[in-house]
1. How far apart, in nanometres, would the label points at A:Ala48 and A:Leu34 be if each is projected 7 angstrom from Cα along the Cα-to-Cβ direction?
2. Would you work out the relative contact order for chain A, in percent, from Cα pairs under 8 angstrom that are 6 or more residues apart?
3. Among B:Leu36, B:Leu100, B:Leu88, which one shows the biggest mean-square fluctuation in a GNM of chain B, springs joining Cα atoms closer than 10 Å?
4. Which whole number gives the average count of other chain Cβ atoms within 10 Å of the Cβ atoms across peptide B:142-152?
5. Taking the Cα atoms of chain B alone, what are Rg (to one decimal) and Dmax (as a whole number) in Å?
6. So for the protein assembly as shown, taking the charge dipole from beta-carbon charges (+1 Lys/Arg, -1 Asp/Glu), which of B:Leu53, A:Leu212, B:Leu69 sits furthest toward the positive end?
7. Mind checking the full-extension length gain between A:Val223 and A:Glu12? Use 0.36 nm per residue of separation minus the Cα-Cα distance, one decimal, nm.
8. Which distance in nm do the two modelled labels at A:Arg58 and B:Ala127 give, with both placed 7 Å along the Cα-to-Cβ direction?
Amino acid sequence: MMPDKIPIWKVEVVTQNLSYLLAGLEMTLVLAILSMLLGVLLGLLIAAARMSRFLIVRALAGFYVDIWRSTPFLAQILWVFFALPIVTGFRISAFAAGIICLSCHASAYLAEVFRAGILSIAGGQRHAALALGMTRMQAARRIILPQAVTRMLPAIGSQSINLVKESALVSVINLQELMWHAQTLAGFTMRSIEVLTAAALIYAALTYPQALLVNYLHRRFVVNS
Amino acid sequence: MPYIWRFDVVIANLPILLQGLWMTCALTVLSMVIGLVVGLVVALFRLSGWRILAVPATVFTELFRTTPLLVQVVWIFTVLPLMTGVALSPFFSGLVALGLNVAAFMAEIYRTGIYSVDRGQRHAAHALGMTNAQTMRRIVLPQAVMRMVPPMAAMWVALFKDTSILATIGVVELMYEARYLASDTFRPLEIFTAVAVVYFALAYPQSLLVNRLYERFRVRE
């Protein structure tokens, strides 16, 4: 079966409504940047908790990481938006649900990145630093962290890419980011070919430079170390 | 008034959820097979050295790796029929989208696996008089495959979770059933919690296995 007529690409549908798509892009950027910042902060706390000396703290932090990493993001966003308000009694906005979910999700993955980065250095080098008379803080600051941080950079970059891609899913709770704007515009103009392709290209334009940066950081800091 | 949990709602609808779960598992297996096969072809194209094959293969992997899966799924479900005139069911569009998405990541796993074998070994094999094919079969591939196993297993777990995205185009898998039941029974808390537990119970042991694999196949050079 062939289509009635070969579809003609009407790029002007996108160019004329570009400001509408860009409004969605703005929300996507706000979501990605804010969640990344919160995710890094929360991830540091969780990583520290996972290396705590107390078993109960370690176990709780481990459970937190496993829950966020072993369930689909879609299940998480629907749970936070629809189920959490029933537990707490507070209704939350789609924006709040999106930020909570994206940053907690990112924090679980980032906590593992931080932990793996620190563990990859700790050990012999830490003992050597302590043997040279450094305090534990000095060893961490001068020996372990500088090496660990550079090794973590590519993995942190990958998480940032994932966050941008995952943020498209919050459109299911009607949080009006790029994907929501694209689907709405596609429905409104009946030109899903151009609009959805444009959305895909905008996402690629957001993440591809990050991917190149990750590759560069990987070559620079991981492979050569 | 304290909220009263009603997990009997979940029990009563268990057959529906299990049916969804079956579909989720079927989707995971089928897209993994597609991904493994198509990914291998794409990787071979990229490694072929012929630009006419390598460039499209690179564009394919980069496009599928840099755009959200949701965009890919919706694109293949709504745009592809408009362009080709072939309308696929939600199941097949979802399968194609997931399969191609996995293929893009698999192609990178194959490629980096092969590149990760030290170049010196290839040169040594050549110096010993092996042909290219012999070097590949006897020296490079046996080591490369070992290094591909852990990331492939990790991909499998990610895929299992990602199948849930197909609910948005109406593929009747676990997440779709969950959303349907949540609005049908007015019990989103119990239903969504139960479904999250099901995903967790299935994905968590698998991710433990992935960790074991990373330990087991760690490269020592």
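Taken together, the values in this text are just the output of simple stated rules run on the coordinates, not laboratory data. Fair warning: this is a prediction, and the values are worked out from it, not measured in the lab. Note that we place each Cβ from the backbone using ideal geometry, even for glycine, and neighbour counts take in every protein chain shown.
1. 2.4 nm
2. Across chain A, relative contact order equals 30 percent.
3. Result: B:Leu88 has the largest fluctuation of those listed.
4. 0
5. Reported Rg and Dmax, both Å: 21.5, 82.
6. Of the options given, the answer is A:Leu212.
7. 71.4 nm
8. 4.7 nm
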